[in-house]
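Before any comments, here is the structure.
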Amino acid sequence: MTEAYRFSPAVQSVLEASPVPFAIYQLLNHRCAVVLVSDGFVKLSGERSRDACIHLMNTDMYRYTDPADAARVEDQGYRFASGIEENYNAVYHSRAASQKEYHLIHAMGRHIQTEDGVRLAVVWYMDETAASAYPPYEQELVQSLNQTVQIARKQRKNYYDDMTGLPNMTYFHILFADAAKTMSAEGKTPAVIYLDYSSMRLFNHRYGFAEGDELIRGLGRLLSTVFGTESCAHVGSDHFAVFTEGDRLDRQLDQLFASLTGINHGNVLPLRAGIYLCSDGDYDVSRACDRAKAACDHLRGQYVSRRMLFNDQIRKEISRKAYILDNFTRALSEHWVRAYYQRIVDPETGRVTDEEALARWIDPESGMLSPDEFIPILEDEGILWKLDLYMAQQIIQSMHEKQRNGIPLVPVSLNLSERDFRSCNMIDKLSRRMDEAGIERKYLIIEITERAIGRDPKLLAKIIEECGKAGFGVWLDDFGSEYSSLNILSCYHFDLIKLDQKFLRTMQKENGKGKLLVAEILDFTKKAEIHTLAEGVETREEADFLKEHGVNKIQGYLFSRPEPEEAQLAWYRNHLSMNQTEPDRLN
Ligand code: C2E
Ligand code: MG
Ligand code: MG
């Protein structure tokens, strides 16, 4: 760490005694630090002492600057202090702590070199508002300076983001194009980094939007310090883009991750960083950002700060994504997408109580695509509701087919995303389809995954209430996969909760804690009169354990794999007389 410059005591006391307001700065560890202030400056600042004034300047320099000017002046100051600009000439509005109104300040600075070769910046300040009370020509000057402030603010708005003070994406494109040219001329590889906080929604939900905004601004400031303001952009919400040299990237990211705890007094989220190296001479910034973002998205679901370099696997996923989006409409109209059904049984009697409908995309080119491949893509694009309505239609048709074959109906569950309810009036559409088909609404159950709680808890409460009113059952899917707490069960009224497969997988672990946990949850839900279903039951031992602890329903490969409609109908025809689903009697 470099030490702040110290003048000799004699020089210091002469400088400090000056009634002219000025301050002397030094760039220390990429920060503008104050090394000396004159009496005139202390008076202008309105602070009660020189120490208080220096403390304020070194900890929160722009606290009393008009927020409309703060980021602009901060940048200008940094550029001057770091030597990018030779002179400093800034006009802005600021006030002393004790003043209510902002005054117009005109600041001018230049660099000086001390005898021992240290570069310092001296800035003189004029309070033009106070001066305007005197001669008339001063008033004219104030008027014209005020105009300058307005123009500077307007210009800044075109290039910088209001919230963080960082360049906006339009300006970032210009900055990157210039920097990439210079780097490539110097034989360096430009890199773009895309940054995104993990679980920002959850943070906003827990601490409120004001705190969330503070977290975003804090990251903006940190990025400025690590990469330099003119290399960063605020993309929107909690997303940022940065460019740098490929060789410096790792060190800078280490520094960034290590400094995260300094944001928002340590109440901060982990950060995901996706990296794209423009090593093939392609400097298209949109493409570079898209690729860095794809790498960043790859880290979703991880609650630690991590980085990920764009690679061939991600490249393939991008083209898979494009394929899915380009062919989605066709996949529905040509029935490449089909509903598969998995039976759910009562562990006591072994009878089928319900079924779950699961989507499969059987592609003429790529073969079978699992929902994990296409559901998140459709959800991100906001078109998942189309697939889910299509699935509802498939379920209705298969119910008609069962009726034609004399097979009694059981309720079928449909997986929906909470986003479906934002995209269209889902409940209305489902109600209408069931009514028109002449099938009682109780035969359709809606499964909402636990992730919805983290994403939009209010909407979830509304969905549960409205589904119940409309006559559909509502199940909580994947309980235990993410933000689980038993609290969820008392806050939301679901007709049933589906314990995620994770519980069964931990149950298999030797130490017995997994079993204990499942037993405890089942004990609690029984007492609270909450119905339960265990997903992913694969062995007889698991089924027996769950049955012993009072689980209400069981679903898993032990009883049935998800099957297409024809296989499902054939199974019912074979087993109708027996009305049993014991696995040893299957096949
Ligand atoms: P989910 O709703 O939790 O569905 C259960 C998943 O576990 C299914 O995966 C199922 O095939 C699998 N599974 C069932 N029993 C067993 C077992 O004994 N062992 C193992 N290892 N796995 C078992 P699938 O079909 O790949 O679906 C994945 C997820 O995709 C579903 O999880 C659901 O969240 C989503 N999904 C599926 N179809 C749809 C749909 O039509 N709409 C929406 N919005 N989401 C869907
Ligand atoms: Mg499900
Ligand atoms: Mg599930």
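The values are calculated or read from the model by the stated rules, or taken from the named source; none is laboratory data. Computed from a predicted structure; not experimentally measured. Ideal geometry is used to build each Cβ from the backbone, glycine not excepted, and the neighbour counts take in all protein chains shown. Just the protein is used for accessible areas: all its heavy atoms, side chains included, with ligands, DNA and RNA removed. Shrake-Rupley method; radii C 1.70, N 1.55, O 1.52, S 1.80 Å.
Looking only at the stretch 37-60, decide whether some residue is modelled with pLDDT of 95 or more and in a strand (DSSP E or B).
Yes: the stretch 37-60 contains one or more residues that are modelled with pLDDT of 95 or more and in a strand (DSSP E or B).
For every residue, the table says whether it meets (1) part of a helix (DSSP H, G or I); (2) among the aliphatic types (A, V, I, L, M); (3) touching a residue at least 24 places away in the same chain (Cβ under 8 Å).
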| site | (1), (2), (3) |
| --- | --- |
| E140 | yes, no, no |
| Q150 | yes, no, no |
| R153 | yes, no, yes |
| K157 | yes, no, no |
| H173 | yes, no, yes |
| K181 | yes, no, yes |
| A191 | no, yes, yes |
| Y194 | no, no, yes |
| E211 | yes, no, yes |
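For residues that are aliphatic (A, V, I, L, M) and crowded, with 16+ Cβ neighbours inside 10 Å, tally how many sit in the stretch 43-54.
Result for the stretch 43-54: 2.
How do the helices (runs of 4 or more DSSP H) wholly within the stretch 440-540 filter down when requiring 2 or more residues that are farther than 26 Å from E379 by Cα: which remain?
Because the criterion is at least 2 residues that are farther than 26 Å from E379 by Cα, the helices (runs of 4 or more DSSP H) in the stretch 440-540 that meet it are 486-491, 501-507, 513-527.
Only one residue in V142, V192 is surrounded by 12 or more Cβ atoms within 10 Å (Cβ to Cβ) and modelled with pLDDT under 90. Which one?
Exactly one of V142, V192 is surrounded by 12 or more Cβ atoms within 10 Å (Cβ to Cβ) and modelled with pLDDT under 90, namely V142.
Within the stretch 5-34, which residues are of a type in the set (A, V, I, L, M) and open to solvent by 30 Å² or more (accessible area, probe 1.4 Å)?
Those that are of a type in the set (A, V, I, L, M) and open to solvent by 30 Å² or more (accessible area, probe 1.4 Å): A10, V11, V14, L15, A17, V20, L27.
For the stretch 97-120, name all the residues that are part of a loop (DSSP other than H, G, I, E, B) and open to solvent by 50 Å² or more (accessible area, probe 1.4 Å).
Within the stretch 97-120, S98, Q99, K100, E101, Y102, E115, D116 qualify.
Among the residues of the stretch 407-419, is there at least one that is assigned to a helix (DSSP H, G or I), surrounded by fewer than 17 Cβ atoms within 10 Å (Cβ to Cβ) and at negative phi?
No, every residue in the stretch 407-419 fails to be assigned to a helix (DSSP H, G or I), surrounded by fewer than 17 Cβ atoms within 10 Å (Cβ to Cβ) and at negative phi.
Taking into account only those residues within the stretch 353-407 that are basic (K, R) and touching a residue at least 24 places away in the same chain (Cβ under 8 Å), which is farthest from I446 (Cα to Cα)?
Taking the candidates together, the pick is K402.
Quick check on my filter: what residues within the stretch 425-472 are within 16 Å of ligand 2 (Cβ to nearest atom), open to solvent by 20 Å² or more (accessible area, probe 1.4 Å) and in contact with a helix residue (DSSP H, G or I) (Cβ under 7 Å, 6 or more places away or on another chain)?
Result: I453, single match.
Got at least one residue in the stretch 55-75 being more than 40 Å from the chain's Cα centre (by Cα), open to solvent by 30 Å² or more (accessible area, probe 1.4 Å) and without any contact (Cβ under 8 Å) to a residue 12 or more places away in the chain?
The answer is no, given that none of the residues of the stretch 55-75 is more than 40 Å from the chain's Cα centre (by Cα), open to solvent by 30 Å² or more (accessible area, probe 1.4 Å) and without any contact (Cβ under 8 Å) to a residue 12 or more places away in the chain.
Suppose we filter Q342, Q393 for residues that are polar (S, T, N, Q) and in contact with a strand residue (DSSP E or B) (Cβ under 8 Å, 6 or more places away or on another chain); which single one remains?
Result of the check over Q342, Q393: Q342.
When you go through (1) open to solvent by 20 Å² or more (accessible area, probe 1.4 Å); (2) within 16 Å of ligand 2 (Cβ to nearest atom); (3) basic (K, R) one by one for K498, which number turns out not to apply?
For K498, the failing item is (1).
In this structure, is N158 farther than 27 Å from R251 by Cα, modelled with pLDDT under 90 and either of a type in the set (D, E, K, R) or exposed (fewer than 14 other Cβ atoms within 10 Å of the Cβ) (or both)?
Judged against the criteria, N158 is a match.
Could you tell me which residue of the stretch 332-348 is farthest from ligand 3 (Cβ to nearest atom), considering only residues that are in contact (Cβ under 8 Å) with a residue 40 or more places away in the chain, surrounded by fewer than 18 Cβ atoms within 10 Å (Cβ to Cβ) and part of a loop (DSSP other than H, G, I, E, B)?
If we take residues in the stretch 332-348 being in contact (Cβ under 8 Å) with a residue 40 or more places away in the chain, surrounded by fewer than 18 Cβ atoms within 10 Å (Cβ to Cβ) and part of a loop (DSSP other than H, G, I, E, B), then E348 is farthest from ligand 3 (Cβ to nearest atom).
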